[in-house]
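What follows is a short report on a single structure.
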Amino acid sequence: MYLIPANAKRGQYIFGIFRPVDLIIFGIGVFTTVILVMLLPMQQTWAAVLSISPAIFTGLLVMPAAHYHNVLQLLIEIYQYFSGRRRYVWKGWCIRDEQQWAMDRKLD
């Protein structure tokens with residue numbers, strides 16, 4: 001078993017920040033923005049805001065967030081917290097648990 005430094009995972013990301021799925025999400029937003037810019041009249045404010053909103057929205061989703069990988073991961077964690085089980089069962093440890101664990105290990 002090896003100890004892995006906490007920042008070693010950044011080496012697996014693209015540019016040290018993005019996962020492939022993050023770039024796919026952002027790419028879809030930029031592609032949608034390009035299509036909307038070509039289709040909608042840019043002289044009107046509502047059309048300009050509507051056309052650039054997919055790139056801005058997906059850019060905000062893949063933006064890094066403190067203590068999480070990015071805002072998308074933060075939103076997923078918030079959703080799982082509020083939609084999942086809210087009762088947390090915690091069992092402490094004591095000498096009896098250690099003895100039982102040791103006996104179980106001998107049987108294996």
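The values are calculated or read from the model by the stated rules, or taken from the named source; none is laboratory data. Keep in mind it's a predicted model, so treat the numbers as computed, not measured. Cβ atoms come from the backbone with ideal geometry, glycine included; neighbour counts cover every protein chain shown.
I'd like to know if region 76-84 contains one or more residues that are modelled with pLDDT under 85, out of contact with any Ser or Thr (no Cβ under 7 Å at 6 or more places or on another chain) and either of a type in the set (Lys, Arg) or part of a loop (DSSP other than H, G, I, E, B) (or both).
Yes, because at least one residue in region 76-84 is modelled with pLDDT under 85, out of contact with any Ser or Thr (no Cβ under 7 Å at 6 or more places or on another chain) and either of a type in the set (Lys, Arg) or part of a loop (DSSP other than H, G, I, E, B) (or both).
Give me the pairs: first residue in region 31-42 and loosely packed, with under 14 Cβ neighbours inside 10 Å, second residue assigned to a helix (DSSP H, G or I), beta-carbon distance under 6 Å, and six or more apart or on different chains, which are they?
What qualifies is 41/47; 42/48.
Taking region 48-75 as the search range and keeping residues that are outside any helix (DSSP H, G or I) and of a type in the set (Gly, Ala, Ser), which one is surrounded by the most Cβ atoms within 10 Å (Cβ to Cβ)?
The qualifying residue surrounded by the most Cβ atoms within 10 Å (Cβ to Cβ) is 65.
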